[in-house]
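The values are calculated or read from the model by the stated rules, or taken from the named source; none is laboratory data. Keep in mind it's a predicted model, so treat the numbers as computed, not measured. We place every Cβ from the backbone using ideal geometry, glycine too, and count neighbours over all the protein chains shown.
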Amino acid sequence: MNKHLKPESRNQGQTSSPDKSISLSKGHDPLESNTDLLNMLSLTVEQSPISIVITDLEGSIEFVNPKFSEITGYTLEEAIGKNPRILKSEKTLPAVHKELWATIKNGGIWEGELINRKKNGDFFTESAKIAPFKNKHGQITHYLAFKEDITSRKQVEEELQRLNLSLLARIDEETGQRMKQERLMANQARLVAMGEMIGAIAHQWRQPLATLAMIVQRMHAVGCRHVLTGEELEEFKNNAMRQIKYMSETIEEFSGFYSKDKRAEQFSPIKCINDAVRLFETQFTSNNIIVTIHAHDNLDLLAPGFPNEFKQVILNLLGNARDAILESRIIRGNHEQGRIEIDIFINEERKLIIDIGDNGCGIPDSIVNRIFDPYFTTKEESGGTGIGLYMSRMIMLESLGGFLKLQKAENGAVFRIKLPIGELP
Ligand SMILES: Nc1ncnc2c1ncn2[C@@H]1O[C@H](COP(=O)(O)OP(=O)(O)OP(=O)(O)O)[C@@H](O)[C@H]1O
Ligand SMILES: [Mg+2]
């Protein structure tokens, strides 16, 4: 084939169909003859934005259009007679070329992407369609390649992918950091609650420890006067053992309080509230605080979830109520009876509502919107961490599917818990 497509010469030998006239579009003269058509086709190939390569059956290049030269840097003269492997780069796997040749030799059309090398050594990516060219007898005489340079599109795609990956990595990193922070806060909150428990146990032990000390002193005083009889010894021992038994029961009762719940279970919210109140009992009594539980419905019911986390919430709210009552005594010289009222009922949505109210110092307007923020505290001096309410709200929302909110802030405070009841999901 001539290095330039010559419509006139290509026309020779072609079957002409003189009456065939093709109109390009309105306003253009119809093409007069096959010569016009071939001229048109020739120009199309010359001006094509797609690079076109024609090879013979051995793969020897017979024709390339100007777009090919523009992309690869090989002129028509340089390309003719060469094999398209002048463009081949190690970035395209040999298997791809193998498949390409197998397909077109079998009369099929191969479609795919090739990473090739220009004359100047630069890589470029082409989207290629390579097809066998058949003569009018159906014999393959040439191969035709139509190729589009997609290097910049690929670069944009790769850049997008890179950005995507780095975005994902950043999201991962930030999620990791947030989870670390949340774990840290959860641990801190557990420590705070643990501190409450140890404080409560210390209060419960105060009385029996004092009694134990008295028993030992009396035993010593009696022993100084005379040799202790078997009966006296037995009595001292029994008295001492009663106190020790009480102390060990306290430990026993509350030791399970903070073991982490492993899986969701059906639990009795009322029992949890009673457990938490009992833990604080002696502390409240010694601080002149009365806790009253009003159960307005038959509350022999179960809730799905994590009982120890729920106890942690109640303990937090009871601790806050106690602090608020003590605070109001200090600031306002208010020495009225401290009261914590716990109202429990089922609302119209069949959810369990628990209102925990106190007659403490209340919450001023200026901080009402901040009390659930992590690390917000007005108890810096006494070592408050300010994560009690934050964690309690998280537990209610995420572990128990309910909520915790402030219901009333004046003349004491009321916090409301909503808890779904019923079967495990
Ligand atoms: N019942 C309440 N009455 C008045 N103020 C309250 C009450 N409960 C909470 N607050 C206010 O909300 C703040 C945040 O409470 P939160 O339980 O999150 O932290 P904290 O009690 O200060 O510290 P921590 O729980 O670590 O001991 C408290 O410092 C207090 O100012
Ligand atoms: Mg608190």
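Among the candidates 188, 155, single out the residue that is more than 16 Å from ligand 1 (Cβ to nearest atom) and not assigned by TED's automatic domain parsing to the domain that holds residue 76. Steps first, answer last, please.
Working: 188 fails: more than 16 Å from ligand 1 (Cβ to nearest atom).
After ruling out the rest, the residue left standing is 155.
Taken as a whole, region 160-170 holds no residue that is in a helix (DSSP H, G or I), within 21 Å of residue 50 (Cα to Cα) and among the charged types (D, E, K, R).
Yes or no, residue by residue, for (1) modelled with pLDDT under 95; (2) touching a Cys at 6+ places or on another chain (Cβ under 7 Å); (3) more than 10 Å from ligand 1 (Cβ to nearest atom):
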residue: 348; (1), (2), (3): yes, no, yes
residue: 375; (1), (2), (3): yes, no, no
residue: 391; (1), (2), (3): yes, no, no
residue: 394; (1), (2), (3): yes, no, yes
residue: 405; (1), (2), (3): no, no, yes
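Picking from residues in region 370-425 that are assigned to a loop (DSSP other than H, G, I, E, B) and of a type in the set (D, E, K, R), the one that is nearest to residue 303 (Cα to Cα) is 423.
Can we say residue 367 is in the same structural domain as residue 309 (by TED's automatic domain parsing), assigned to a helix (DSSP H, G or I), surrounded by fewer than 17 Cβ atoms within 10 Å (Cβ to Cβ) and within 16 Å of ligand 2 (Cβ to nearest atom)? So residue 367 fits the description; yes. Taken together, 239, 287, 274 contain a single residue that is at pLDDT 90 or above, loosely packed, with under 15 Cβ neighbours inside 10 Å and in contact with a helix residue (DSSP H, G or I) (Cβ under 8 Å, 6 or more places away or on another chain), which is 287. Within the bounds of region 343-357, is there any residue that is at negative phi, assigned to a loop (DSSP other than H, G, I, E, B), within 16 Å of ligand 2 (Cβ to nearest atom) and in the same structural domain as residue 269 (by TED's automatic domain parsing)? For region 343-357, residues at negative phi, assigned to a loop (DSSP other than H, G, I, E, B), within 16 Å of ligand 2 (Cβ to nearest atom) and in the same structural domain as residue 269 (by TED's automatic domain parsing): absent. Within the set 400, 389, 406, the sole residue that is away from ligand 2 (no atom under 15 Å from the Cβ) and touching a helix residue (DSSP H, G or I) at 6+ places or on another chain (Cβ under 9 Å) turns out to be 400.
Could you check, for region 322-342, whether at least one of its residues is more than 12 Å from ligand 1 (Cβ to nearest atom), at pLDDT 90 or above, touching a Phe, Trp or Tyr at 6+ places or on another chain (Cβ under 6 Å) and part of a strand (DSSP E or B)? Looking through region 322-342, none of the residues is more than 12 Å from ligand 1 (Cβ to nearest atom), at pLDDT 90 or above, touching a Phe, Trp or Tyr at 6+ places or on another chain (Cβ under 6 Å) and part of a strand (DSSP E or B). If you go through region 296-310 and keep only what is surrounded by 14 or more Cβ atoms within 10 Å (Cβ to Cβ) and either in contact with a Phe, Trp or Tyr (Cβ under 9 Å, 6 or more places away or on another chain) or not in a helix (DSSP H, G or I) (or both), you end up with 299, 301, 302, 303, 304, 305, 306, 307, 308, 310.
Only one of the numbered conditions (1) without any contact (Cβ under 8 Å) to a residue 60 or more places away in the chain; (2) touching a strand residue (DSSP E or B) at 6+ places or on another chain (Cβ under 6 Å) is violated by residue 71, and that is (1).
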